[in-house]
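Before any comments, here is the structure.
Here, each number is a calculation from the coordinates, and none is a lab measurement. All figures in this text were calculated on a predicted structure; none of them were measured in a lab. Here Cβ is always computed from backbone atoms with ideal geometry, including for glycine, and neighbour counts include all displayed protein chains.
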Amino acid sequence: GESVGLHLPTLSVQEGDNSIINCAYSNSASDYFIWYKQESGKGPQFIIDIRSNMDKRQGQRVTVLLNKTVKHLSLQIAATQPGDSAVYFCAENNNNDMRFGAGTRLTVKP
Amino acid sequence: DAGVTQSPTHLIKTRGQQVTLRCSPKSGHDTVSWYQQALGQGPQFIFQYYEEEERQRGNFPDRFSGHQFPNYSSELNVNALLLGDSALYLCASSFRPNTEAFFGQGTRLTVV
């Protein structure tokens, strides 16, 4: 079946550097995509979302890029901070069915 | 403004028993979705409730059932518990389906 997947299970960056977390999706019918951050022992926290009629959306220190041609989603975090260390999930939504990937663990080195 | 609240936070049940988990959505939200998250994995969609009806369901057996009340709160029921049902159960709420969803802290269910 179709599923959401992530290219890398772990990512380690230096504090202050920019981070890029990638996600591949295979369901071309998905029309809504979301990035979540999950810290240990907590529920996922909404970061940013994007709909399929857009290719870029910016938030505070975060940018989501959507490439529908290659079915690729990315999350860019500017000036990464120690507090950004967490597991990041991308999720695709198709007809109210939201599917999550396995997640990427981001570690920020001081 | 309270966010999404779930109860209980932790629960231990014996194989074969039944369990009920509860969720109160964020104020102003009318849609509740339930997820199962196994250790080290992403959340898996169980089902979504809107207007007191199940609107969408993931690949989970009929042992998993739910309900939404007129005040938009929701329950997740799991019958005939299996060891493999041990997981973090997450509730997410939104204003209408297919919009920004906010998660609760989850209920950690352990089946022994």
Given (1) surrounded by 17 or more Cβ atoms within 10 Å (Cβ to Cβ); (2) touching a Lys or Arg at 6+ places or on another chain (Cβ under 9 Å); (3) under 24 Å from residue B:25 (Cβ atoms), residue A:45 misses just (1)
One residue is enough: does the stretch B:61-83 have a residue meeting the conditions closer than 21 Å to residue A:89 by Cβ, surrounded by fewer than 21 Cβ atoms within 10 Å (Cβ to Cβ) and either touching a Ser or Thr at 6+ places or on another chain (Cβ under 6 Å) or of a type in the set (A, V, I, L, M, F, W, C) (or both)? no
Tell me the residue from B:70, B:61, B:97 that is assigned to a loop (DSSP other than H, G, I, E, B) and facing another protein chain (nearest Cβ under 10 Å), please. B:97
Residue A:25 - would you say it is away from chain B (no Cβ under 12 Å) and buried (at least 19 other Cβ atoms within 10 Å of the Cβ)? yes
Where residues in the stretch B:49-58 are more than 10 Å from every other protein chain (Cβ to nearest Cβ) and not in a loop (DSSP other than H, G, I, E, B), which of them is surrounded by the fewest Cβ atoms within 10 Å (Cβ to Cβ)? B:53
Looking at the stretch B:83-112 only, could you name the residues that are within 12 Å of residue B:37 (Cα to Cα) and in contact with a helix residue (DSSP H, G or I) (Cβ under 7 Å, 6 or more places away or on another chain)? B:109
Would you be able to tell me the number of residues in the stretch A:76-110 that are more than 14 Å from every other protein chain (Cβ to nearest Cβ), surrounded by 20 or more Cβ atoms within 10 Å (Cβ to Cβ) and of a type in the set (Ser, Thr, Tyr)? 1
Condition first: assigned to a loop (DSSP other than H, G, I, E, B) and farther than 21 Å from residue A:43 by Cα. Can you find one or more residues in the stretch B:25-35 that meet it? no
Subset tally (residues that are among the polar types (S, T, N, Q), surrounded by 23 or more Cβ atoms within 10 Å (Cβ to Cβ) and within 8 Å of another protein chain (Cβ to nearest Cβ)) for the stretch B:22-48: 2
